[in-house]
Amino acid sequence: MQVDEPVRLPRLSRVAVCGGTHGNELSGVYLVREMLKPENRKEDGGPASVLMVLSNPRAMQQCTRYVDTDLNRCFTHATLNGPASEGAPYEIFRARELNTLLGPKGSRAAVDLICDLHNTTANMGLCFIAYSDCDWVCLHIFRHLQMPDTPMRFIHFDVSTKESYSLDSIGKHGFAMEIGPQPHGCVKSNIYTAMKEGVQHMRDWVSCFNSGCVFEGGPVDVFTMVKNLDYPRDGETRNITAAIHPRLQDRDFCLLRPGEPLFQTFSGETLKYQGDEALYAFFINECAYYEKGIALSLARKRRVTVPSIRVQTDEEERASEESFASEEEE
């Protein structure tokens, strides 16, 4: 193969857009509800079917993140395939329903692409969160976005397929579209509009890809998550004893260097970052992560060169399906 020959990838015939995986992240809830209206479900002639899914209806009804346990941590191979008692959390059963609808995860029957819609209270702009830094479909969709007024980043969680835990991991390709800042339990028009435009860009890209367009390669900055940091805590009560330092608050994706202010204790003392290397901070003071013991996440940034791609011919796709079937049998 020549260096500049496009990588040929299978057609994306089935796409799912999911909202309400967390029931109080309302941009995705209202966007999917809007897209489910009959007047918005007219076929546009595009060469892909798009399934709209409201992921966690019980949590949406209560406008809460989840009912029993975090649905977006229920899609590991073990959770989807292990035994479940009658008294198991509601979200375990819902995850298995979604796996039946959109998967099964890791199988040839799984949908080709999942875009799962999320909001964050952190000042992160628009982020793609994916488990691969070499999924050319997701990286090209990200490169395709044209939203000059919205900061955009690609976040990579370096987790294996079996251990990947979020809804988007069911698809052959998948990513979470995370947009903020927006408080949980409410919707802001600018955040909703950014999400709506992001989803439309994604759908336009899929249509162009399936129609045979060649997408030229190029560089993408990828933030690979390294670790999470918890708040300082009281050794006995486990209550937090400090908040994010004012100099760090709302500065998601800034480079946090050793010795720079990290926390400010409730008595007024500044606690500095004690890490060995400078890393990029994100999900800074995310409201939903207090229960998870996460004050912020830290990432390394590197530049990934994305190759040119185009859709496979029918003959190439048949050969690819035969290869996939052989891998499943193994």
Original post:
Taking the range 160-212 as the region of interest, how many residues are over 20 Å from V29 (Cβ atoms) and among the aliphatic types (A, V, I, L, M)?
Top reply: 1
Subject >> Count of residues meeting criterion [surrounded by fewer than 16 Cβ atoms within 10 Å (Cβ to Cβ) and over 19 Å from R251 (Cα atoms)] in the range 125-159 >> reply: 6
Original post:
Which pairs do you get when a residue that is within 16 Å of R153 (Cβ to Cβ) and assigned by TED's automatic domain parsing to the domain that holds H201, found in the range 168-179, comes within reach of a residue that is open to solvent by 10 Å² or more (accessible area, probe 1.4 Å) and part of a strand (DSSP E or B), reach meaning Cβ atoms under 7 angstrom, with the pair 6+ apart or on two chains?
Top reply: F175/I129; A176/I129; E178/I129
Original post:
Among the numbered criteria (1) in contact with a strand residue (DSSP E or B) (Cβ under 6 Å, 6 or more places away or on another chain); (2) part of a loop (DSSP other than H, G, I, E, B); (3) more than 23 Å from A59 (Cβ to Cβ), which single criterion is violated by M147?
Top reply: (1)
**OP:** State yes or no: is L102 hydrophobic (A, V, I, L, M, F, W, C) and open to solvent by less than 10 Å² (accessible area, probe 1.4 Å)?
**Re:** yes
Original post:
Does the range 84-130 hold any residues that are part of a loop (DSSP other than H, G, I, E, B) and closer than 23 Å to E197 by Cα, and which are they?
Top reply: V111, D112, T120, T121, A122, N123, M124
**OP:** Could you tell me whether any residue of the range 173-181 is touching a helix residue (DSSP H, G or I) at 6+ places or on another chain (Cβ under 9 Å), part of a loop (DSSP other than H, G, I, E, B), modelled with pLDDT of 95 or more and among the aliphatic types (A, V, I, L, M)?
**Re:** no
**OP:** Would you mind stating whether D68 is of a type in the set (D, E, K, R), at pLDDT below 95 and open to solvent by 20 Å² or more (accessible area, probe 1.4 Å)?
**Re:** no
**OP:** Considering each of N210, N285 in turn, give the residue that is open to solvent by 20 Å² or more (accessible area, probe 1.4 Å) and in contact (Cβ under 8 Å) with a residue 60 or more places away in the chain.
**Re:** N285
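The values are calculated or read from the model by the stated rules, or taken from the named source; none is laboratory data. It should be emphasised that the depicted structure is a prediction, and the values quoted were computed from it without experimental measurement. Glycine gets a Cβ as well: all are built from the backbone with ideal geometry, and neighbour counts include every protein chain shown. Calculation scope for accessible area: heavy atoms of the full protein, side chains included, ligands and nucleic acids excluded. Shrake-Rupley method; radii C 1.70, N 1.55, O 1.52, S 1.80 Å.
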